[in-house]
Structure formats: structure tokens, C-alpha cells
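Just so you know, all these numbers are worked out from the coordinates, no wet-lab data involved. Because the structure is predicted, anything quoted here is derived from the model rather than measured. Methodologically, a virtual Cβ is constructed for each residue, glycine included, from the backbone with ideal geometry; neighbour enumeration extends over all protein chains shown.
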């Protein structure tokens, strides 16, 4: 029986399309190929290290973005936060709140420690998550099996009692390998339909057992 729904943050509860377009504009200013800057900041050894808590934010920025600050507008420095300029997906957030009365709600995200601050500061997240598992604070990133196991353990559940909602298929497959069910996110309506097919009640009248 499913007792918890665990949401990813980036690409599910929050979207970065607008801020990614700004990075494309910075690529053009630098004379770089499109998407070069986004990949420089949010992939590769420095990003993986900072998002596992193995590298400080200052050291990460020194390795990836600091030398570019003089050539780019002042707001570029905000991109040391991988959710800088991100927008909440209100439909998915509403779905999570409708699930909240009956199911445990978790967060499992590959992110820097700044996300812990953002979760506390965002009023619309207040009281939503029973547990928030952030890679930089745990030392494990999806799709490492330990990341999913930590999330289930924090909720005091077996993985089989949890559903992961994530926008990356590789993470859903990795979660399945430890026994966790999953839904590859496309949009809130598609996720709700998939959850219903799994037997998850999504109506407002539902109450947590």
C-alpha cells in the first residue's frame, strides 16, 4: 500500500525555464554555443561535488562562475544557487497539498544546501514536507540507491510504500531498483492520473490514515 509521495524539486515543483533563457543570453554575450554556461554550472565534477556537500559554495563558484562575473551583468552571480530565478509549478504544488491530508509528502532533490533555506523561507512549502532530503546535506545524489533509501527511511517507511515523482527517467529507474514506485513527471495532470492508476487517492476529501 502506498503511504508516501516523494517529489523532486527542479523540473517538478519548481521550473527554471525563465532563468535558463537568461543563461542563454549570457552565452550569447560570451560568444559561446547555446547551453554552454548552464552545463558549465550544473554538470561536471564541481557541480557534483557541491551538490554532495563535498565542496563549499564559494569553492564551487570559484571553479565555475567567478571568473565570468566581470564580463556579465551583476545578476549572474545569483546563479551560484541552482534554483535562482526558478518559478513554482502551482498545479503540482496544489496536487501535493491535496495529497497531504492522507499521505506523507517527501522532498528528494539534487541541490546545494541553499535549497534547505529556500524550503524554510517559501510560505507555500510551509508544513508541506514531512521530510526534505537534499543531496548536499546527505552526501548522496540521485540516482545513487542510497538517496532513495534515505528518503524512505526518514519517512519511517519501506521503499515499496513510496512513490517518487521525478522528471528524469534515470531516477525513476534507480528508485525502482530499490523497490520504490515512480512516475516520470510531464505535468501535474499527467502525474495525478498516474497516481490514481496506482491507487493513490488525490481528492480533497481524502484524510491521512
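See the values below:
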item	result
Under the Debye formula (equal points on every Cα, no solvent term), log10 I(q)/I(0) of segment 87-209 at q = 0.17 Å⁻¹	-0.89
0 to 90° range, to nearest 10: angle between helix 17-30 axis and the chain longest Cα axis	20
Burial ranking of peptide ranges 53-59, 97-103 (average Cβ count within 10 Å, highest at the top)	97-103, 53-59
Förster radius 25 Å - calculated FRET efficiency between residue 116 and residue 24 (Cβ-Cβ, nearest 0.05)	0.30
Relative pair counts by distance (%), Cα atoms of the chain, 10 Å bins	9, 34, 34, 17, 6, 1
Base-10 log of normalised Debye intensity for segment 17-80 (one unit scatterer per alpha-carbon) at q = 0.18, 0.20, 0.22 Å⁻¹	-0.62, -0.76, -0.90
Sorted peptide list for 66-77, 153-164, 176-187, criterion being average Cβ within 10 angstrom, highest first	153-164, 176-187, 66-77
